[in-house]
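The values are calculated or read from the model by the stated rules, or taken from the named source; none is laboratory data. The structure presented is a predicted model; accordingly, all values stated were derived computationally and were not measured. Cβ: placed from backbone, ideal geometry, glycine included. Neighbour counts: every protein chain shown. All accessible areas refer to the heavy atoms of the entire protein, side chains included, with ligands and DNA or RNA removed. Shrake-Rupley method; radii C 1.70, N 1.55, O 1.52, S 1.80 Å.
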Amino acid sequence: MIPEHKIQEVLERVDLVGLVSRYVELKKAGREYKGRCPFHQEKTPSFYVVPEKRFYFCHGCRASGDSVSFVQRYLGKTFIDAVRDLAREVGVDLEAAQDPAARERQQLKEVTDQAAEHFRALLWEEEGRRAREYLASRGISDETAKAFGLGWAPAAWTSLADRLAKVGMLEWGLNAGLISKRQKGDGYYDFFRSRLIIPIRAPEGRPIAFGARLVDAEEGPKYLNSRESRLYNKSDTLFGMDQARDEIRRRKAAVLVEGYFDCIALHQEGVKHTVALCSTALTPGHLKVLGRAEARELFLLLDGDQAGLNAVERLAGPLLAAGAAAKVALLPQGDDPDTFIRREGSAGLERLLTEARPLTNHVFLTILPNGKDASFEEKMAALERLKPVSAQLPVGLVRSAFFSALSAWCGLPASELESTLRSKAPPPQVKPGQGAQPSRGTTPNGAPAPRQTPVKPPDALEALYVAAALREPRLVARDAFRVHDELSHPGLRLALAHATSGHGVEDALFEAHDTVKRAIEAAGRQLSGQQGSALEHYFLQICRAIMLRRIKQQLEFIERSTRQTAGAVDLSEETKQLMAQRMELLSLKKRVEEEIRPSPPGTKAPMQPV
């Protein structure tokens with residue numbers, strides 16, 4: 001974990017105007033800079049950067065935050081990765097404050113970059129001819145192959161090993177699983193051979209792993225994938241996210257397929273908001289990645305055969321558990337996304353997406369086509385198939401709504417259905433690389449760990465948000481206002497990022513500074529007795545209260561900006577825009593206030609917005 005004072009140092013050193021200017025054309029407007037918001041489509045600039053206070057905000061979509069928040073939101077990075085990347089840019093040394101895992105991660109990045117360039121270059125040389133022919137047979141153009149960084153691993157046993165030896169990275173390549181030691185004698189051999197290489201890249205475009213398709217050889221599995229590492233966790237990675245991120249943000253929707261080539265083919269035909277799973281089940285980590293890209297709707301594009309139907313049931317659990325808005329678009333029998341898009345084009349696929357059914361409707365219709373009119377045996381068989389889905393639903397509103405909908409479909413009492421399908425949720429998965437940790441209160445070398453004083457105490461309302469989210473991490477997905485991206489205190493953001501990435505609450509609090517820990521624990525005591533739907537209701541009120549405070553701050557900014565023009569006959573275009581934005585904010589404020597309803601019976605009185 002990164003000490004808070006280091007995060008604060010990064011925030012102070014980053015030139016926010018320079019950072020944002022890489023992606024947004026900014027013009028000076030008094031003491032601020034303004035431009036068109038990169039997070040939503042707009043014709044009139046409503047996005048401001050305030051260098052004195054080191055934050056940005058948008059009057060249109062209400063996005064706001066600091067430099068770390070901007071990198072998180074625009075590039076789809078996690079909080080910790082955003083801090084690391086910015087620290088590297090501005091020369092803040094995080095290595096001294098971290099354990100050897102951080103250095104290993106950097107080594108993995110460098111050796112993966114080397115391998116990606118090695119494979120890419122070979123594809124376009126003479127020995128990559130057979131791989132290029134294979135791509136042509138699948139309708140993949142050279143332009144698309146280059147955009148996705150495709151490469152070639154020749155049949156030679158030591159092609160990559162020889163290159164890594166020249167640059168002194170053999171040990172790093174071994175740790176990354178790119179090469180292996182010979183069982184007899186000295187030396188190393190390549191893991192990928194006679195394969196078309198498909199780089200798996202982080203949202204910002206850097207390769208972190210590889211998928212590989214067998215070409216022109218008979219031995220071995222059709223597909224091989226890099227093993228997981230400190231750099232690559234397939235449960236948090238979606239293939240094609242680097243190419244799809246901007247289109248997902250524009251459409252507020254994503255298309256999910258199961259194969260690398262399905263994803264590549266759809267991108268080539270213009271369906272650029274497509275991503276694919278990396279040979280794994282859909283996880284909460286994937287949904288977080290999509291959430292950071294602002295995907296509000298997810299389309300499952302799957303084969304129309306039995307395998308596709310089974311895939312929907314497999315994906316339904318985590319989607320319903322997260323309360324995700326998902327729809328199912330089934331392809332015609334015998335088609336996969338690749339063959340369908342080549343035959344029907346993007347217009348045909350868009351038509352298929354328009355006709356997609358909501359996930360619950362599809363699941364119920366598939367497992368019990370006759371609904372209430374089904375026989376006893378059919379209903380019992382359907383309930384058996386639903387057990388793995390219902391086991392993943394957390395206690396609370398989502399679970400209750402699911403059983404109410406199922407009850408309406410099959411005509412059986414919701415309470416009896418829940419009792420029948422009750423099952424223990426699967427145990428939490430331990431992520432790769434989370435082995436033994438240094439003893440608490442010490443650094444990796446055994447020295448006492450220093451505690452640094454935070455720059456400022458945490459805000460009480462934000463501490464309430466974090467305390468509720470630590471108690472029930474699933475609540476973060478219900479945050480329609482994206483409060484989690486814009487918490488003002490680095491310590492709160494760090495604790496939240498740590499806990500929601502798979503670590504326990506105890507670990508998150510241990511890593512926090514004492515001041516932050518006390519604030520979260522005090523907030524937790526205010527939440528005592530709240531659970532299930534009551535906790536969710538209270539959490540949503542916290543989100544709304546923080547949102548109202550943001551609106552108030554933006555209204556004050558507009559008031560200051562327009563005060564000097566009060567009484568003027570002819571108003572500037574900029575002043576007119578600010579006044580129009582003021583009216584929009586007042587309208588939004590009214591809608592948010594109306595959404596704050598009384599607490600359910602038996603719960604604490606709702607907190608009043610600040």
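For the range 176-187, enumerate the residues that are open to solvent by less than 60 Å² (accessible area, probe 1.4 Å) and within 21 Å of N225 (Cα to Cα). Reasoning before the result, please.
Applying the first criterion (open to solvent by less than 60 Å² (accessible area, probe 1.4 Å)) to the range 176-187 yields 176-180, 187.
If the condition is that a residue be open to solvent by less than 60 Å² (accessible area, probe 1.4 Å) and within 21 Å of N225 (Cα to Cα), then A176, G177, L178, I179, S180 are the ones that fit.
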Point to revise | Residue list for the range 297-320, restricted to those being of a type in the set (G, A, S) and open to solvent by less than 20 Å² (accessible area, probe 1.4 Å) | key: G304, G308, A311, A316, G317
Exercise for review: Among residues belonging to the range 321-342 that are closer than 14 Å to D262 by Cβ and among the charged types (D, E, K, R), point out the one that is most open to solvent (accessible area, probe 1.4 Å).
Suggested key: R342
Exercise for review: Tell me which of these D93 doesn't satisfy, since it passes every other one: (1) under 26 Å from the mean Cα position of the chain (by Cα); (2) within 27 Å of R22 (Cβ to Cβ).
Suggested key: (1)
Practice item. Go through the range 215-268 and give me each residue that's part of a loop (DSSP other than H, G, I, E, B) and closer than 16 Å to L75 by Cβ. Key: T237, G240
Check your understanding: Pairs under 7 Å by beta carbon, first residue at pLDDT 90 or above in the range 351-367, partner open to solvent by 60 Å² or more (accessible area, probe 1.4 Å) and part of a helix (DSSP H, G or I), six or more apart or different chains?
Key -> F364/W409
**Study point:** Every pair of residues 6+ apart whose Cβ atoms lie under 6 Å, when the first sits in the range 331-349 and is over 15 Å from G270 (Cβ atoms) and in a helix (DSSP H, G or I) while the second is open to solvent by less than 50 Å² (accessible area, probe 1.4 Å) and modelled with pLDDT under 90
**Key:** none
Exercise for review: Would you confirm whether any residue within the range 344-365 is open to solvent by 30 Å² or more (accessible area, probe 1.4 Å) and in contact with a Lys or Arg (Cβ under 7 Å, 6 or more places away or on another chain)?
Suggested key: yes
Point to revise | Meets criteria (within 21 Å of D246 (Cα to Cα) and either crowded, with 17+ Cβ neighbours inside 10 Å or touching a Gly at 6+ places or on another chain (Cβ under 9 Å) (or both)) for V10 | key: no
Review point. What is the residue count in the range 321-373 for residues that are among the aromatic types (F, W, Y) and in contact with a His (Cβ under 9 Å, 6 or more places away or on another chain)?
Key: 0
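Scanning the range 451-477 for residues that are charged (D, E, K, R) and open to solvent by less than 70 Å² (accessible area, probe 1.4 Å), which turns out modelled with the lowest pLDDT? I'd like the intermediate steps shown before the answer.
As a first pass, look at the range 451-477 and keep what is charged (D, E, K, R): 451, 456, 459, 462, 471-472, 474.
Now restrict to residues that are open to solvent by less than 70 Å² (accessible area, probe 1.4 Å): 459, 462, 472, 474.
Details: D459: 83, E462: 85, E472: 80, R474: 75.
Within the range 451-477, the match that is modelled with the lowest pLDDT is R474.
Condition check: open to solvent by less than 10 Å² (accessible area, probe 1.4 Å), small (G, A, S), in a helix (DSSP H, G or I) and modelled with pLDDT of 90 or more. Does A115 satisfy that?
Details: open to solvent by less than 10 Å² (accessible area, probe 1.4 Å): yes; small (G, A, S): yes; in a helix (DSSP H, G or I): yes; modelled with pLDDT of 90 or more: yes.
Answer is yes for this residue.
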